[in-house]
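Okay, so here's the structure we're looking at.
Coordinate-derived values only; no laboratory data. A quick note: this is a predicted structure, and the numbers were derived from the prediction, not measured. Glycine also receives a Cβ, built like all others from the backbone with ideal geometry; neighbour counts cover every protein chain displayed.
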Amino acid sequence: MQSGPQPADFADVRATNLAVVLRHVRTHAPCSRADIAAATGLNKATVSSLVADLIERRLLRETGLAEHRIGRPATMLVLDGQPYAAIGMEVSADHLTAVAVDLAGEQLLSWRRAFTGTETAAGKAVSTIAALASRAASRVAAQGRQVLGVTVGVPGLVDADGAVRLATGLGWRDVELRADLVRALRDPKYDVAVDNDANLSALAEHRYGAFAGTANLVYLTGELGIGAGVVVDGRLLRGGRGFSGEIGHLQLDPGGPLCPCGRVGCLEALAGVRAIIQRVLPEAEADGPVTDFAPEIDEVVRRARRDDAATVDALAAVGRHLGHGVSILANLVNPDVVVLGGNFVPLAPWILPAAQAELAVRAVAPDAGGCRIVASGLAQGAAATGGAARALAAVDAGHLPPFPAV
Ligand SMILES: [Zn+2]
């Protein structure tokens, strides 16, 4: 089911109608002016005027003629959007990612840099993030595109002002990230935003993933922590101060292991990437804590493929813990799909069956309310893609960019 702002949300009827037309073409292209009029209930003259405006803004373009019905052949419309792009970034414990995506959905760049979040003072981290953002923005501008926004995803509690209140995985507390970035980028013309990584990943999945457009969708990050980005009725659920979705700190086992948050038995302490590695590869941390998890996850996958019994059992236990956590979500918000991301993706074949079975047992609704747990098909860096999606989605919501320079 598609969802989005309804016309009554906006005072400016024309901006609303422009967005309605744009969204229709996004989901139904190629389509004709008559198709748009029939589907939206707007009259044909209004649609023609709106389409002319959108073509002038280079948000739509005309393609060939199609004789798909009796009468005159219709000129078909598709999305353009190439003159506009947005940049998304992801700060994680072991790397920094930047992507740029244009409004037509084409990925323009994807960069990944080593970055040791836990060993980097927040001030130094801000300048590193700003430098990468600035280079990405320059690259996009050099291609003749207008940058609509830069959005940075952080694994932690991010408030409405873009300040990171707590990011245990990075060792950050009360970092005024958005304000610091705006200063470091010297008050750029584009929008600068900071958001929780799970929220942004959910936006990426909702716009580009295999379940795009699903009105009730949850994304679970599988980085150092486990966070949930929760889309309910087509909108991201944020809560009063923006701190919703901390599923990783649901206490599933009061007698469980210590969590970095200081409590015990949290989902993250039972099923997070560090717990997986400690259980399957106890020797990995003999020389101190692991900071880059990719080689260890590769080794876990190798052992699981060999049907190593201890590994397969450990991953099934992780699946049961995830299914337990998801059942709480299922009982509260009844998602249609829960998408596992990050390090859970390569481990999914051994995690998902146990997770789905545990969910079925614990959810009160028959058939878990229709909830399916799946692995993300988006490449790692979903939060960065979601950062770009955030600025691009604002256009669909009626915040049209200014006319491109000719
Ligand atoms: Zn915890």
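Some points to look at:
- Longest DSSP-loop-exposure-free segment, GluC sites (Glu not before Pro), the chain, at most 15 other Cβ within 10 Å: 107-406
- Stokes-Einstein D (µm²/s) once Rh is taken as the Kirkwood radius of the chain over alpha-carbon pairs, at 37 °C in 0.692 mPa s: 147
- Sequentially through segment 73-89, phi angles give Karplus couplings (6.51, -1.76, 1.60; θ = phi - 60°) of x, 9, 7, 8, 10, 9, 5, 9, x, 4, x, 10, 8, 9, 10, x, 9 Hz, Gly and Pro residues having no value and appearing as x.
- Ala179/Val13 FRET efficiency (R0 56 Å; Cβ-Cβ; nearest 0.05): 0.95
- Listed residues Asp396, Asp12, Asp197, most fluctuating in the chain (Gaussian network, C-alpha, under 10 Å): Asp12
- Put the Cα centre of segment 361-386 next to the Cα centre of segment 145-195 and the gap is 27 Å.
- Shape class of segment 70-219 from the alpha-carbon gyration tensor: prolate, with a/c at 1.5 or above and a/b greater than b/c.
- If only the Cβ of Lys and Arg carry +1 and only the Cβ of Asp and Glu carry -1, the dipole of segment 179-307 around its Cα centre is close to 360 debye.
- Magnitude of the charge dipole, the chain, Cβ model with Lys/Arg +1 and Asp/Glu -1, debye to 20: 1040
- In this structure the amide hydrogen of Val101, modeled in the peptide plane, comes within under 5 Å of the amide hydrogens of Ala86, Gly88, Leu108, none closer than 5 places in sequence on its chain.
- The chain: antiparallel DSSP beta bridges as a percent of all, rounded to 5: 60
- Extension gain for the segment Asn43 to Arg112, taken as residue separation times 0.36 nm less the Cα-Cα distance, is 20.1 nm to one decimal.
- Between Asp187 and Arg306, the FRET efficiency from the beta-carbon distance, with R0 = 41 Å, is close to 0.15.
- Here each label is just a point 7 Å from Cα along the line to Cβ, and for Thr75 and Ile55 those points are 0.3 nm apart.
- Modelled this way, with points 7 Å down the Cα-to-C-beta line, the labels at Ser127 and Asp253 are 4.4 nm from one another.
- Using a Förster distance of 35 Å, the FRET efficiency for Arg263-Ala210 (Cβ separation, nearest 0.05): 0.55
- Estimated [θ] at 222 nm from DSSP helical runs (n ≥ 4, -39500 (n - 2.57)) normalised by residues in the chain, nearest 500: -13000 deg cm²/dmol
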